[in-house]
Structures are given as structure tokens and as C-alpha cells.
Amino acid sequence: MVSSAEKLLYVSENITDYLGHSMVELISKGAFLKDLVDEEDLHFVWNQLQIPANYDGFYKSNERRFVCRMLKSQCFKRRLLDCVAEHSENRSTPIYVKGKVYHLSPEDSQTTVLLALCYPLLEPSIPKNIDKQDTIWFTTIHDLNLRIKAASESIKFFIGFTQSQLLHRSWYQFVHHNDLQEAVSLHCRVRSGGGQCTAVLRMLTRDGCVINVKTNADLIHQDDVDPYSPVIHFSNRVLSNEEADYYRVYGNVQ
């Protein structure tokens, strides 16, 4: 929870698990937005805290969904010591923020607070981040021409087809036509042995809807069915529109 004055009012204890900060330390020191958000995203986040002047109703709320980069604890401690942290690509972590902005009270029409849940954008290329119980993932295994050889059960919840219905069908059938060029590029890179390759794509579901997927592709030279034939393995993470937009702008996050 953060106020329009950029003061951090509350943060849950599990912030330590994702950013390394201590909840007690942040609150007791009276931390501000600048202590937690990457300076390049500060103005953008500040705008998210505002409610238009013509907005009607004190207790009504405005929904907010966005991605911003939040600082890890090492950079946070350096800022408290008024030291300039050396540039590092890993000094911040992208966080998906979903919440609402409220007026604090009927008597105070100027002060607003953002109450939100924050989700880290986990990177599929980092194995420890792939949790088998995570419901926003599905995996597929393909031959070298991207015909589907196997898929996880969870794919039915996202694409609408069962595992058996997908067998031997081309993966390209499910790629949005505007993303076919990006899909071909991903296919060529992974097939040429370029290591793990990643792309953000729009995919079509059985009922004609479109979902955003961040696909991490890898060429594997053995599989349980035919140890002599290489296969292409896809780890697919379903994204919100805001997450997909972030990845398209900033690319992969290590």
C-alpha cells in the first residue's frame, strides 16, 4: 500500500522472498516509493497513483494494472547510505502490480492510496522458477517441424484442446497471424542449436480467444519415446496484457 505522497504505508512480509527487503525495516524507516521502485519507472508509477480531477465519488476506486521494476535489497541499502550503486542489469526485478486507487477519506479529496497485489515476473529460462503446481504454465514437446508430440494436462485450460486432440498438429495452427514471423524466428533459432530461445507470442484458443504466452524453447537431443531423435521442448507461461507489453519493450529479464 502506497500513498499519493509516495510514502510506503504497508508491505507484506514475503517481500523478503522476492526482493530481499525486510518488511520491518521498510516500514520503520518510513520508506518512500523511490526506495523501492527503479528511478526510471518512478514517474510512471506516480501517475498510476493519481485519480482524475473530474472523478466522481470519494469511495469509488480506479483499477490499476501495470508492470514496474522494483529494486532489490542491495541497491536499497546503498540508497539509504546515499551511495551510488554501480550499474547492474540485475539491480531490479520486474513486478506485475494489480490493484485499485482509493481516496483516503471523504474530507480529503487530494490524498489517494494504491492498494495492490504484486507478482514477480518469473523467467522460464531459470529452472528453479518453474513450479509444477503453478497454474499459469503449460509445456509442449515437438518434433523438429513443430508438430506436437506431447503436452501437459494444463494446456486444456488455456488452449481448450486435450492432449490427445493436439497430437501431430502443427504448433503454427495456434499462433496468431500477426506473430507468425516472430514464431518462425524462434523456430529457426532453436532448431539451429542456438541454445534456449524466448519469444512472446499471441496464441489462439479453441473458442477463438487470444492469450499471451512467453515461450522458452530448447532443443533436446533425447526423449523417452525415441532417444535418437531430437525434440523441441517449449515451456509456456501465460501472461497478462501488461506483462506481455513489458516483455515486448524490455525483452528477457535475467
Just to compare against my own numbers: the Cα pair-distance distribution for region 127-250, 5 Å bins, whole % per bin, please. 2, 11, 21, 26, 22, 13, 4, 1, 0
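For GLU242 and CYS209, compute 0.36 nm times the residue count separating them, minus their Cα-Cα distance, and round to one decimal in nm. Write out the running numbers ahead of the final one.
Numbers: separation 33, 0.36 × 33 = 11.88 nm, distance 1.71 nm.
Extra length from GLU242 to CYS209 when fully extended: 10.2 nm.
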Within the set of other residues whose C-beta is less than 10 Å from the C-beta of VAL113, count the net charge using Lys and Arg as +1 and Asp and Glu as -1. +2
Entries of LYS34/LYS98; LYS34/LYS72; LYS100/LYS156; LYS100/LYS214 with Cα pairs more than 24 Å apart: LYS100/LYS156; LYS100/LYS214
For Cα pairs less than 8 Å apart in space and 6+ apart in sequence, what is the mean separation divided by the residue count of region 127-250, i.e. the relative contact order in percent? 24 percent
Cβ-Cβ cut-off under 13 Å around ARG248, Lys and Arg +1, Asp and Glu -1: the net charge is -3
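Every read-out reported here was derived from the displayed coordinates using simple, explicitly stated rules and does not represent laboratory data. Remember, it's a predicted structure, so these values are computed and weren't measured experimentally. When we count neighbours, we look across all protein chains shown, and the Cβ atoms used for this are built from the backbone with ideal geometry, even at glycine.
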